[in-house]
Amino acid sequence: RVKAVFEYCEKDLRPIFRSYAAADQVAGLADASKLDTLNLNELTFMMKEAKLFDENLTILKLRSIFAEANQGAEEEGTDDDDNEMIYEEFLPALAMICDAKIPESWRGNEPFEYTLHAWLQLNFIPTYRKLLKEKARGTAKKTL
């Protein structure tokens, strides 16, 4: 059911992922082969920019989530780069981030997929839509 939530939100989540996966390229730090992957620094920047760090989601917790998502994909044979996360690894990481942000004790016995869907629709996606629009506006102003 969590997969279904991500499939439903893919049209919003994929552009968010791509935008932050390209962060190193924008800064001139990465090669073109890394445009479709997210490294820990990019993921950390992504969380900081949206002000998602709190007592439940710390930088240390995010590092653990990044490593766990990467390890899971490696075990499944879908990715072998421990330093980079593909979109398919980003989704389980996003679920773990939601789980950290909204602990089970706060969910009122709701299934996790309800919590995930609500968090994505009410918090995560609107926050990043706004951030990406602001970035696009900022870039447009600089080029004029």
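The values are calculated or read from the model by the stated rules, or taken from the named source; none is laboratory data. What you are looking at is a predicted structure, and each value in this text was computed from that prediction instead of being measured. All Cβ positions, even for glycine, are placed from backbone atoms using ideal geometry, and neighbour counts span all protein chains on display. SASA here: full protein model, heavy atoms, side chains in, ligands and nucleic acids out. Shrake-Rupley method; radii C 1.70, N 1.55, O 1.52, S 1.80 Å.
Working only within region 23-52, note down all residues that are polar (S, T, N, Q) and at pLDDT 95 or above. Lay out the reasoning, then the answer.
Narrowing region 23-52 to residues polar (S, T, N, Q): 25, 33, 37, 39, 41, 44.
If the condition is that a residue be polar (S, T, N, Q) and at pLDDT 95 or above, then THR44 is the only one that fits.
Would you call GLU55 modelled with pLDDT under 90 and loosely packed, with under 15 Cβ neighbours inside 10 Å? Show your work before the answer.
On the way: modelled with pLDDT under 90: no; loosely packed, with under 15 Cβ neighbours inside 10 Å: yes.
No; evaluated as a whole, the condition is false for this residue.
Would you check which residues across region 77-126 are among the hydrophobic types (A, V, I, L, M, F, W, C), open to solvent by 70 Å² or more (accessible area, probe 1.4 Å) and modelled with pLDDT under 95 and list them?
At the first step, the residues of region 77-126 found to be among the hydrophobic types (A, V, I, L, M, F, W, C) are 85-86, 90-91, 93-98, 100, 102, 106, 112, 116, 118-120, 122, 124-125.
Next cut, open to solvent by 70 Å² or more (accessible area, probe 1.4 Å) only: 106, 122.
Selection gives TRP106 alone.
Could you check how many residues of region 93-126 are in contact (Cβ under 8 Å) with a residue 60 or more places away in the chain, part of a helix (DSSP H, G or I) and more than 16 Å from the chain's Cα centre (by Cα)?
Total satisfying the criteria: 2.
Would you be able to tell me the number of residues in region 82-92 that are outside any helix (DSSP H, G or I), among the charged types (D, E, K, R) and in contact with a strand residue (DSSP E or B) (Cβ under 9 Å, 6 or more places away or on another chain)? Show your work before the answer.
Initial filter on region 82-92 (outside any helix (DSSP H, G or I)): 82-86.
Of the ones still in play, those that are also among the charged types (D, E, K, R) are 82, 84.
Keeping just the survivors that are in contact with a strand residue (DSSP E or B) (Cβ under 9 Å, 6 or more places away or on another chain) gives 84.
Counting residues in region 82-92 that are outside any helix (DSSP H, G or I), among the charged types (D, E, K, R) and in contact with a strand residue (DSSP E or B) (Cβ under 9 Å, 6 or more places away or on another chain) gives 1.
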